[in-house]
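Since the structure comes first, as structure tokens, the remarks are kept for the end.
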Amino acid sequence: MFGVLRRHYRVVLALTVLGVFTAGFMVYKSPASYQAQATLRLAGERRALTGQIEGPAPDISRSTDPILSVLELIQSRGVMGAVVDSLGLRLTSITEDFGTSLLDGIEVDSQATSDTIFATFYQNGVKANLGDREARARYGETLNLGPVRFSVISRPSLPSANLYVVPREMAIDRLLAGVLVTQRPGTDIIDVRYFSGNARRSQRVVNSTVLAFQRLNILSAKQKSQRRREFLEGQQKQTDSLLTRVQADLAAFRSRQQLASSQNALDAQQTSMLALEARRSELEADRTTFAALLAQVKRGGEAGESEALRALASSPALADNPTVSNYYRQIDILQYRLDSMTTGPWKAAPTNPDLVQLKSLITSVKGQLRQAVASHISTLDARIGSLRDLRARSGASLQVLPAMAEEEARLTSRVQTLTSTSDQVRQEYQRARMSEEVEAGDVDIVNLADAPYAPILVAAPLKLSLGLLLGFLLGMGGAFLLEAMNTAVRRPEDLELALNVPGLAVIPRLTPSAQPARRLGGLLGSGKKAEPGSERSLGAVSQPFSVGLEAFRMLRTSLIWCEQGDQMKTLVVTSAAPGEGKTLTAANLSVTFAYDGLRVLLIDCDVRRPKLHGLFQVPRAPGLMELLTPTTAATNGIESLSFDPGQGRTESSRAIAEVIRPTKIRGLSLLPCGALPTNASNLLSGVRMRALLHELAENFDLVILDTPPVLATADAGILASLADGVLLVVRAGQTDRLAAKRAHQQLVNVKARVVGTVLNDPGGEVSQYGDYYYPYDYAVEEQ
């Protein structure tokens, strides 16, 4: 694709420039347009004044942008409809030279139907007709046509005009097409623009848009607050009613149970039962202890009995019993006296009456102590039994209290919940009432639009860009169309595919050397026309390395190594049509073979357009035609064209030698075409031509014939049938594939042997395809 555009870059460039020029002309011819701009800011003033009364907005999506939402709301059909109704944008003029800028105070009801208004202008006033309605007024006064009202500022130059009331939806669509709402990057600033051909109209539309949006924003917020207030008012009434009913239920429950609080009664009962249980457990523990000690006392044993009595006396439970304490003190005193009488140096005898009486008294007091302890144990048993009965009675009453407490708790919880809800609803209700009275919205108008004083080019960059793009696309289309229509041979592969004949060489443009100091000569046809006898006109090697020379050397090598190339003595160089470079190809190929040391004869057989004599700067006649014409041959004493080297030079050989012209290139001779006869084809197809070629082939190493184009005359076919091989020259980018095929077919029809083709590329067509490279910059470096 890039190759196609590169080959036809002139077409692409021309159509691209044409597209840009057309777009520029359209921009230049576009009517003047004015832009008005107003600025808004999403400040949240209403939320600031109400202290977030309305609460946060619901989280619809984390990706929601409030600025984008405002942009869409400004361009909503509701806002645009309010602007259309306020400015009367539904009224348009269908008269070419009469615009609505001459009207003022336009009012169109939103329910007005589409219709046409016929206005007639007089010297002192105007008359208007809308359906069956008619109104008259002076200039500047209002014309009342029912749903449509307007005034004409001054008398226009037209005697009458027609106005049309467009459908409301159509007017909204037109307004939306001209309104542009954008956000300034990184800010909460919003710009509202409108483009119009009338400066005043653009200002009015922009200001009406921002004011209408602000009014609708405030109205929407107030309606939202009103709905919230009405909802909260209903909720408050319902909550208060429920609260009153639940409070009455709680009071009735407590009255039935004769309790201030079931929960308190339950707690007191549970505490009492715990105390009874603790007391019972304590008494049972004391009884167990006393019973064990009493049993130890009864078992006897002075040491064990004394220890048991000491434990009983020290027990906290018996410390409060005065009888037991008194008996223990008596025993302690008596035991002290006994110990005093039975110990020491003056101890009494066991039979002492006082000692015996003292022991009897101790035994009596101990028996009374045991009876007192047993009596205390019986008292403990009675108290434990009483506590068991009391706990049983308390447990029966405790089973009823939990249900009562649960019911009371449920009623109390409902009362508390409804009380809290009522307080919250009352607070929200007061806030909603305050919010309903706030005359502010969340959008502030930073500045209104001023009247624009200079027109702007509406979408000029866009139009120019589109013109550039369309022009480039048309250029691409044209390039591909030309490429598809071009059936000429452009690459060696195209030639080989079309003719099924090997391509022997590609001949580039022959240019003169850029280094005169290194030149040894010049290829034929390279550069400008040389002076007669100059070195370049002779055709020689221009420098040790030359692109053109190497191309012809490649052609020579291909010819030598082609099939039966070593036996080829005569070679026809021809083309399908004129102007394909066959003559220069034949001449330079002859020069190339001559510089290889071969004796080469170049024959100019194109008798209608001969060029070789001018290329080598020799006379045109006598030449080939004189040799082939019988009268001329007889005049010159030529009777036979047979050549016998053993007999010496004959008259015919001398005549041929006189016609052949030597050149300044060693080994290269030229046989010019001679004068143009009337029967050239007959001469070329005769026996004399065949004999002449046979004799010349014996005297030269190679004979090259430059013939006319194959499709132009029959001469090429005739000579091709006589030669050992044919070289078909095709010009890249010029020779049509079908022409090359027809030429090749004609050569095949005469049984000519086409040894190969040469693609002549003086215009650089092959290199444009990027798949063939000439051997540039491969010259031998200087010593």
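The values are calculated or read from the model by the stated rules, or taken from the named source; none is laboratory data. Only a predicted model underlies this, so the values are computations on that prediction, with no experimental measurement involved. So basically every Cβ, Gly included, is an ideal-geometry build from the backbone, and we count neighbours across all protein chains shown. Quick note on the areas: whole protein, heavy atoms, side chains included, nothing else; ligands and nucleic acids left out. Shrake-Rupley method; radii C 1.70, N 1.55, O 1.52, S 1.80 Å.
Brief remarks on what is shown
- When the range 592-601 is filtered for residues that are over 22 Å from residue 509 (Cα atoms) and surrounded by 19 or more Cβ atoms within 10 Å (Cβ to Cβ), the ones remaining, listed by number, are 600, 601.
- Considering the range 714-761, and only residues there that are within 30 Å of residue 698 (Cβ to Cβ) and in a loop (DSSP other than H, G, I, E, B), the residue that is most open to solvent (accessible area, probe 1.4 Å) turns out to be 751.
- Test: residue 387 is open to solvent by less than 30 Å² (accessible area, probe 1.4 Å), more than 18 Å from residue 288 (Cα to Cα), in a helix (DSSP H, G or I) and of a type outside the set (S, T, N, Q): no
- Screening the range 161-171 for residues that are exposed (fewer than 15 other Cβ atoms within 10 Å of the Cβ) and part of a strand (DSSP E or B) and picking the one that is nearest to the chain's Cα centre (by Cα) gives 164.
- Being over 43 Å from the mean Cα position of the chain (by Cα), in a loop (DSSP other than H, G, I, E, B) and either on the phi > 0 side of the Ramachandran plot or touching a residue at least 40 places away in the same chain (Cβ under 8 Å) (or both) is a property that residue 105 lacks.
- Residue check for residue 450: in a loop (DSSP other than H, G, I, E, B) and charged (D, E, K, R): yes
- Selected residue [touching a strand residue (DSSP E or B) at 6+ places or on another chain (Cβ under 8 Å), loosely packed, with under 14 Cβ neighbours inside 10 Å and either at pLDDT below 90 or among the polar types (S, T, N, Q) (or both)] from 197, 131, 178: 131
- Complete set of residues in the range 371-386 that are in contact (Cβ under 8 Å) with a residue 60 or more places away in the chain and under 11 Å from residue 284 (Cα atoms): 377, 380, 381, 383, 384
- The listed residue being in contact with a Leu (Cβ under 7 Å, 6 or more places away or on another chain) and either assigned to a loop (DSSP other than H, G, I, E, B) or of a type outside the set (A, V, I, L, M, F, W, C) (or both), out of 155, 149, 174, 136: 149
- Residue selection: residue 499 satisfies the criterion of being crowded, with 22+ Cβ neighbours inside 10 Å and either at pLDDT below 75 or touching a helix residue (DSSP H, G or I) at 6+ places or on another chain (Cβ under 8 Å) (or both).
- Enumeration of residues in the range 333-361 that are in contact (Cβ under 8 Å) with a residue 12 or more places away in the chain and of a type outside the set (S, T, N, Q): 334, 337, 338, 341, 354, 355, 358, 359, 361
- Boolean, residue 470 is modelled with pLDDT of 80 or more, open to solvent by 60 Å² or more (accessible area, probe 1.4 Å) and either of a type in the set (Val, Ile, Thr) or assigned to a helix (DSSP H, G or I) (or both): yes
- Residue count for the range 568-579 satisfying the condition of being among the small types (Gly, Ala, Ser) and open to solvent by 10 Å² or more (accessible area, probe 1.4 Å): 2.
- Every pair of residues 6+ apart whose Cβ atoms lie under 7 Å, when the first sits in the range 680-703 and is modelled with pLDDT under 80 while the second is among the acidic types (Asp, Glu): 680/715; 681/715; 684/715
- Only a single criterion out of (1) at pLDDT 80 or above; (2) in contact with a Ser or Thr (Cβ under 8 Å, 6 or more places away or on another chain); (3) open to solvent by 60 Å² or more (accessible area, probe 1.4 Å) is not satisfied by residue 254, namely (1).
- Residue 49 being of a type in the set (A, V, I, L, M, F, W, C), surrounded by 13 or more Cβ atoms within 10 Å (Cβ to Cβ), modelled with pLDDT under 85 and more than 27 Å from residue 206 (Cα to Cα): yes
- Of the criteria (1) in contact (Cβ under 8 Å) with a residue 24 or more places away in the chain; (2) farther than 22 Å from residue 100 by Cα; (3) of a type outside the set (D, E, K, R); (4) open to solvent by 10 Å² or more (accessible area, probe 1.4 Å), which one residue 192 fails: (4)
- Among (1) on the phi > 0 side of the Ramachandran plot; (2) of a type outside the set (Phe, Trp, Tyr); (3) surrounded by fewer than 15 Cβ atoms within 10 Å (Cβ to Cβ) - the single one residue 88 does not satisfy: (3)
Let's see how each residue does on (1) open to solvent by 10 Å² or more (accessible area, probe 1.4 Å); (2) within 23 Å of residue 613 (Cα to Cα); (3) at pLDDT below 90:
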position: 555; (1), (2), (3): no, no, yes
position: 562; (1), (2), (3): yes, no, yes
position: 566; (1), (2), (3): yes, no, yes
position: 581; (1), (2), (3): yes, yes, yes
position: 590; (1), (2), (3): no, yes, no
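- Tallying residues that are touching an Asp or Glu at 6+ places or on another chain (Cβ under 8 Å) and of a type in the set (Gly, Ala, Ser) within the range 169-216 yields 0.
- Residues (more than 47 Å from the chain's Cα centre (by Cα), open to solvent by 50 Å² or more (accessible area, probe 1.4 Å) and polar (S, T, N, Q)) located in the range 422-455: 424, 427, 430
- A residue that is charged (D, E, K, R) and modelled with pLDDT of 80 or more occurs somewhere in the range 438-457.
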